[in-house]
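In what follows, a structure is listed as structure tokens, so that the remarks can point back to it.
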Amino acid sequence: MKTLTILGSTGSIGTNTLDVVRRNRHLYQVYALAAGRNADLLAAQIVEFRPRIAALATSADVSRLSNRLIDLGLPRADWPELVSGDAGRVQVSIAAEVDTVISAIVGVVGLEATYEAVVRGKRVGLANKEVLVSGGKIVMEAVRQYGAELVPVDSEHNGAHQCLRAGNRGQVSRLILTASGGPFRNTPKDALALVTPAEALNHPTWRMGNRITIDCATLMNKGFEVIEACWLFGFAPSQVDVVIHPQSTVHAMIEYSDGSVLAQISATDMRMPIQYALTYPDRWEAPVPKIDWTEARKWEFLPPDFGKFPLLRLAYECQKAGGAATCVLNAADEIAVGAFLEGRLAFPAIYEVVAETLARMPARSPRTVAQILEIDGEARNVAREMVTARANAVTA
Ligand SMILES: NC(=O)c1ccc[n+]([C@@H]2O[C@H](COP(=O)([O-])OP(=O)(O)OC[C@H]3O[C@@H](n4cnc5c(N)ncnc54)[C@H](OP(=O)(O)O)[C@@H]3O)[C@@H](O)[C@H]2O)c1
């Protein structure tokens with residue numbers, strides 16, 4: 001029986017993780033659930049999974065959670081310990097009872113708790129890509145130092161992890177990450193200025209949280225994945241290629257030095273990579289559709305358009321630059337995406353805000369999580385100024 005903490009239990013990855021647990025109750029027990037603001041869903045999860053601790057973002061969220069547990073009639077004796085804030089997230093990650101932490105909070109707010117789980121030598125199923133985009137160097141040094149296991153949940157990296165098991169890492173020449181191309185794959189560049197948040201949120205193949213869905217539309221998400229892959233598997237940016245594959249069925253490919261290419265193929269259902277991160281090196285039956293090979297099908301592979309999606313190019317440049325560049329990239333993108341979703345920024349201006357923030361921020365080499373969070377905060381402030389300046393220019 002494995003004991004789990006799920007960071008981000010109310011999100012898309014979190015609820016899929018709980019579905020895997022629901023189907024494998026004899027294998028997994030939930031020790032702790034951590035979420036942000038969604039007290040209603042967390043209360044329902046508490047009633048179903050009976051964790052020992054539950055965390056929310058603030059003490060006000062915890063009050064709402066308490067009221068909800070009363071409404072649901074859960075006897076006080078069955079309530080978990082309720083905690084909040086940064087300290088609460090860290091507490092549920094480092095508990096000695098926990099073997100595995102699923103890191104599925106969105107954004108850099110999940111960095112500290114994930115890092116602390118790594119420092120305790122736990123297995124971490126990593127969905128939160130911002131952890132490695134912001135703090136890749138520090139987190140990977142801790143993985144090596146404390147013997148933690150980082151198993152990727154992101155479908156492309158999970159696919160690469162599977163392909164890498166087939167050969168010797170020293171004989172790998174390239175990683176190829178696939179991208180659906182997002183909802184604007186066939187939209188002319190000039191028309192992007194008029195696309196709406198609703199159109200950008202309409203991802204052709206995956207259902208995910210809002211931030212990652214917009215990042216898929218700009219290809220920033222694929223850029224983050226290039227960075228994540230470099231840290232996870234020790235690749236140089238020049239060894240990671242991106243190819244557009246609209247069917248999202250081949251997730252990643254590994255090219256070995258003899259030219260042989262191995263691909264990982266599965267349905268677009270995150271429960272498979274989540275379950276793999278839990279059961280690795282074993283495999284269990286998963287509740288995902290199997291590919292029907294009796295059906296005729298067509299799979300396309302196309303080069304990405306770096307001119308139309310400049311954030312992908314920027315991600316390569318930031319990973320090459322090193323230091324805090326990728327941390328700034330992530331922070332500025334989160335602010336710009338938020339402004340786009342609120343209707344304060346046009347779609348192409350997401351890139352402009354991110355590029356200008358990078359240009360304004362000095363180069364630095366953070367050595368601690370606290371320093372990363374400080375740089376992240378500064379970059380957010382600069383990005384907010386850029387957004388406001390643009391909004392003022394539009395209304396003037
Ligand atoms: N969804 C996918 O298929 C997918 C695939 C690959 C990688 N990922 C990555 O996985 C991560 C999660 O993605 P998602 O799609 O599941 O996002 P999501 O649906 O937006 O869920 C985000 C989760 O983070 C929680 N959260 C936000 N702020 C928090 C805070 N201050 N403290 C604690 N929890 C907080 C949210 O809680 P509340 O809702 O309660 O506020 C929610 O549980 C992202 O980094 C994403 O890039 C996702």
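With respect to the conditions (1) over 27 Å from residue 34 (Cα atoms); (2) buried (at least 21 other Cβ atoms within 10 Å of the Cβ); (3) in contact with a Phe, Trp or Tyr (Cβ under 8 Å, 6 or more places away or on another chain), residue 173 falls short on a single one, namely (2). Residues in the stretch 1-31 that are assigned to a loop (DSSP other than H, G, I, E, B), more than 9 Å from the ligand (Cβ to nearest atom) and of a type outside the set (D, E, K, R): 1, 24, 26, 27.
Exactly one residue out of 383, 339 is more than 13 Å from residue 134 (Cβ to Cβ), assigned to a helix (DSSP H, G or I), open to solvent by less than 10 Å² (accessible area, probe 1.4 Å) and touching a Leu at 6+ places or on another chain (Cβ under 6 Å), and it is 339.
Which of the residues that make up the stretch 32-71 are under 13 Å from residue 83 (Cβ atoms) and away from the ligand (no atom under 16 Å from the Cβ)? The one that is under 13 Å from residue 83 (Cβ atoms) and away from the ligand (no atom under 16 Å from the Cβ): 52. Between 244, 265, the distinction of being more than 30 Å from residue 144 (Cα to Cα) and of a type outside the set (Asp, Glu) belongs to 244 only. Against the criterion of being touching a residue at least 60 places away in the same chain (Cβ under 8 Å), within 11 Å of the ligand (Cβ to nearest atom), touching an Asp or Glu at 6+ places or on another chain (Cβ under 9 Å) and of a type in the set (Val, Ile, Thr), residue 133 qualifies. Only helices (runs of 4 or more DSSP H) whose full extent lies in the stretch 42-144 are considered here, and the ones with at least 1 residues that are more than 16 Å from residue 372 (Cβ to Cβ) and either open to solvent by 10 Å² or more (accessible area, probe 1.4 Å) or out of contact with any strand residue (DSSP E or B) (no Cβ under 6 Å at 6 or more places or on another chain) (or both) are 59-71, 85-94. The residues listed here are 191, 142; of these, the one that is of a type in the set (Gly, Ala, Ser), modelled with pLDDT of 95 or more and within 23 Å of the chain's Cα centre (by Cα) is 142. From the list 273, 304, 281, the one residue that fits, being closer than 30 Å to residue 5 by Cα, modelled with pLDDT of 95 or more and assigned to a loop (DSSP other than H, G, I, E, B), is 281.
Within the stretch 151-162, can one find any residue that is more than 10 Å from the ligand (Cβ to nearest atom), touching a helix residue (DSSP H, G or I) at 6+ places or on another chain (Cβ under 6 Å), open to solvent by less than 10 Å² (accessible area, probe 1.4 Å) and in contact (Cβ under 8 Å) with a residue 24 or more places away in the chain? Scanning the stretch 151-162 turns up at least one residue that is more than 10 Å from the ligand (Cβ to nearest atom), touching a helix residue (DSSP H, G or I) at 6+ places or on another chain (Cβ under 6 Å), open to solvent by less than 10 Å² (accessible area, probe 1.4 Å) and in contact (Cβ under 8 Å) with a residue 24 or more places away in the chain.
The values are calculated or read from the model by the stated rules, or taken from the named source; none is laboratory data. Computed from a predicted structure; not experimentally measured. Cβ atoms come from the backbone with ideal geometry, glycine included; neighbour counts cover every protein chain shown. Quick note on the areas: whole protein, heavy atoms, side chains included, nothing else; ligands and nucleic acids left out. Shrake-Rupley method; radii C 1.70, N 1.55, O 1.52, S 1.80 Å.
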